[in-house]
Amino acid sequence: MTSFDSKALNRRVWLVKLPKSLAEKWNTLPQNNVELGTLRFGDTKMDGSQDISLTLSNIPQHEGIPKEFSFENGGRKDINMHVLRLDDQGNPIGIQGVIDREIVLKPSRTQDVASILKRETLEAMKPKRKIVEVDVVKDKVGFVKPIAYTQDYLNKQLQEGKRDRLPKEHVLNQLFKAFEKHPYWALKDLVRTTNQPVTYIKELLNEICVINSRGPYKNLYQLRQDFTQRTSMDID
């Protein structure tokens, strides 16, 4: 039986929590020894911690996610955790280090974050496809071909002045594009822009917007802060 190696008991290591999108990308890397990025160590911040940032390397797996990240203190204290070294069977054979700090990796660019949030929100709102197995089809009477929401169909709806509910993902894209042009909108203007029912637009706006209750933009909608595309200073 192999003895347990505890030589690294005094080695201090960090527990770094990754954003979901980055963790998923790294879990799909085809091989080991891939250069993931570059760490930059800056000045000491007001809270006594060091300013550290990560710039991702230019590899295909990093497409579609932010490229700049900052190391933020996770705030967790008294972490009683160890990093273990495992053998090929998954059995612990030694200690790699003792976790003494929790770090949260956060994107540095607010604009990148907003773009990813929009994409993930739209993806989560897509209807889930369900496969139903049918043993026997007795007859073909009453079969109706489902409507595919092609661009031709959407254009026809607009030309005829109809306000049938279009797919949620399509309308959300319209709303996001509208707020990219102007930050504040009245409900009636968004209804006219999207050509959708008032109740439907209000329902979607409640998911992604807030209403100003005072000031010059009173009663106008604007995107929630986590959806706005504001640029921020990069952390080097």
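The values are calculated or read from the model by the stated rules, or taken from the named source; none is laboratory data. Keep in mind that this is a model prediction, so the values were computed, not measured. Methodologically, a virtual Cβ is constructed for each residue, glycine included, from the backbone with ideal geometry; neighbour enumeration extends over all protein chains shown.
Things worth noting here:
- Filter result for the condition that a residue is of a type in the set (A, V, I, L, M), modelled with pLDDT of 85 or more and in a helix (DSSP H, G or I), over LEU39, LEU9, LEU15, LEU22: LEU22
- Test: residue in the range 104-125 that is farther than 30 Å from LEU205 by Cβ, at pLDDT 85 or above and part of a strand (DSSP E or B): yes
- Top-ranked residue in the range 56-81 [being in a strand (DSSP E or B) and touching a residue at least 60 places away in the same chain (Cβ under 8 Å); ranked as surrounded by the fewest Cβ atoms within 10 Å (Cβ to Cβ)]: MET81
- Taking the criterion of being assigned to a helix (DSSP H, G or I) and either acidic (Asp, Glu) or surrounded by 15 or more Cβ atoms within 10 Å (Cβ to Cβ) (or both), the residues of the range 203-227 that qualify are GLU203, LEU204, LEU205, GLU207, ILE208, ASP226, PHE227.
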